[in-house]
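See structure below.
The values are calculated or read from the model by the stated rules, or taken from the named source; none is laboratory data. Source: prediction; values computed, not measured. Cβ: placed from backbone, ideal geometry, glycine included. Neighbour counts: every protein chain shown. Just the protein is used for accessible areas: all its heavy atoms, side chains included, with ligands, DNA and RNA removed. Shrake-Rupley method; radii C 1.70, N 1.55, O 1.52, S 1.80 Å.
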Amino acid sequence: HVNLYLFNKDQSFSKQQSGDHLPFNQRSVAFRKSIFKIQIMPGEKKEAVMEIKNDGEKNSLPLNLISQESFLNFTYYDQLAMGVFYGILFIISVTYLFFYFALSERIFLYYTLYVASVGICQFALDGFFHQYIDQSTSWFNLHAVILSALAGSFFFGKYSELVLDTQSRSKVIHAAFKVLYVFLGLIFLGVLLFPSFLPFSYPAVNILTVLGMLLIVGAILTIILKKQPLDLFYTFGISILFVCFSLAILLNFGLITSFTLEN
């Protein structure tokens, strides 16, 4: 829920609404982000109050005042960047799915499902899901982020197990992955059965993601110490992913601030 109240000199006010918990056609501005239109005459002064309420993540929305021309130019760049990003994810998913059907190797299936889950999660976070797929306030629309995040965590764990061969190389880490999946399943049941659990599910998934990444790091260190062969491309990729996940989780917990759009 994102509401903007604009007060005039006589203390009268106008209200504009946005947010994913509002049907898309009821937004003040039909855009995937929370955008409000403010008209101010030369020399005029207005007071503004913004009301923000979410379902679990930290409220860290940047507040920017930007001209319509600058916003239009930013939208052109943003749409191009998003198109390239989602296009790459789509190509990766289709390619690895083809490898799975051709070679019948589970590792390709897990990686395909992981990339697809991450894509859906980011698609929902960016507001595209609400704008183009489900413009209502249905249960699935309101839970698309957490459900895809849970799926992404599970499939990436299964993919990493196979790449690192934890079953034969480290029984302890292999068993720890199983425990992690149990907790992911419990979070899924909590979201499914108890509506009040949703605010707790986001930090819980973030914590489990960190633990999963630490398990992967532990598995890599175990392989190195045992002087066993290690996929260098996977190691390089997981290092970048670990940094990105760490920054995203720190942002979610409000320990760092997000970048803002220049006026």
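Toward the positive end of the charge dipole of the chain, with +1 on the Cβ of Lys and Arg and -1 on the Cβ of Asp and Glu, the farthest Cα among PHE194, LEU225, HIS21 is that of LEU225.
What's the magnitude of the charge dipole for the stretch 15-146 around its Cα centre, counting Lys and Arg as +1 and Asp and Glu as -1 at the beta-carbon? Answer in Debye, nearest 20. It would help to have the intermediate numbers written out before the result.
Details: 10 positive and 11 negative charges, 41 e Å.
About 200 debye.
A crude spin-label estimate for the pair GLU44 and PHE99, with each label 7 Å from Cα along the Cβ direction, gives 5.8 nm.
Using a simple charge model, +1 on the beta-carbon of Lys and Arg, -1 on the beta-carbon of Asp and Glu, nothing else, what dipole does the stretch 101-204 show about its Cα centre, in debye to the nearest 20?
Working: 5 positive and 5 negative charges, 73 e Å.
For the stretch 101-204, the charge dipole is close to 360 debye.
Taking the Cα atoms only, what angle lies between the long axis of helix 171-193 and the longest principal axis of the chain, rounded to 10 degrees? So the helix axis and the longest Cα principal axis differ by about 30 degrees.
If a/c stays under 1.5 just call it rounded; otherwise compare a/b with b/c (prolate if a/b is bigger, oblate if not). Do that for the stretch 1-140, with a ≥ b ≥ c from the square roots of the Cα gyration tensor eigenvalues. Walk me through the intermediate numbers first.
Details: a/c = 3.59, a/b = 2.38, b/c = 1.51.
Taking the square roots of the gyration eigenvalues as a ≥ b ≥ c, the stretch 1-140 is prolate.
Percent of accessible area on the chain owned by carbon and sulfur, 1.4 Å probe? Within the chain, the accessible surface is 68 percent carbon and sulfur.
What FRET efficiency comes out for LYS226 versus ASN54 if R0 is 41 angstrom and r is the Cβ-Cβ distance? Round to the nearest 0.05. Can you show the working numbers first?
Details: r = 45 Å, r/R0 = 1.10.
FRET efficiency, LYS226 to ASN54: 0.35.
Once the other residues with Cβ under 12 Å from the Cβ of HIS21 are scored (Lys, Arg +1; Asp, Glu -1), what is the net sum? The answer is 0.
Just to verify a number: FRET efficiency for SER136 and CYS244, C-beta to C-beta distance, R0 = 41 Å, to 0.05? Walk me through the numbers on the way to the answer.
Values: r = 32 Å, r/R0 = 0.77.
Efficiency, from the Cβ-Cβ distance: 0.80.
Rounded to the nearest 500, the helix-only mean residue ellipticity at 222 nm of the chain stands at -21000 deg cm²/dmol, with each DSSP H run of n ≥ 4 adding -39,500 (n - 2.57).
Stretched out straight at 0.36 nm per residue, the stretch from PHE31 to LEU125 would grow longer than its current Cα-Cα span by 32.5 nm.
Computing FRET efficiency as 1/(1 + (r/R0)^6) for PHE194 and HIS1, where r is the C-beta to C-beta distance and R0 is 35 Å, gives about 0.95. Each of ASN73, ILE52, PHE242 was placed along the dipole of the chain (beta-carbon charges, centred on the mean Cα), and the one lying farthest toward the positive end is PHE242.
Relative to the longest principal axis of the Cα atoms of the chain, helix 68-103 runs at roughly 20 degrees.
Where only protein heavy atoms count, and the probe is 1.4 Å, what is the accessible area per residue for the chain in Å²? Don't skip to the end; give the middle numbers.
On the way: 16300 Å² over 263 residues.
Dividing the accessible area of the chain by its residue count gives 62 Å².
Of all lysines in the structure, those lying under 25 Å Cα to Cα from LYS158, and not within fewer than 8 positions of it along the same chain, are LYS171, LYS178, LYS226, LYS227. Between SER67 and GLN11, the modelled labels are 3.6 nm apart [label points 7 Å from Cα along Cα→Cβ].
Taken one residue at a time, the phi angles of the stretch 236-242 give Karplus couplings (6.51, -1.76, 1.60, θ = phi - 60°) of 5, x, 5, 5, 5, 5, 4 Hz. Gly and Pro are set to x.
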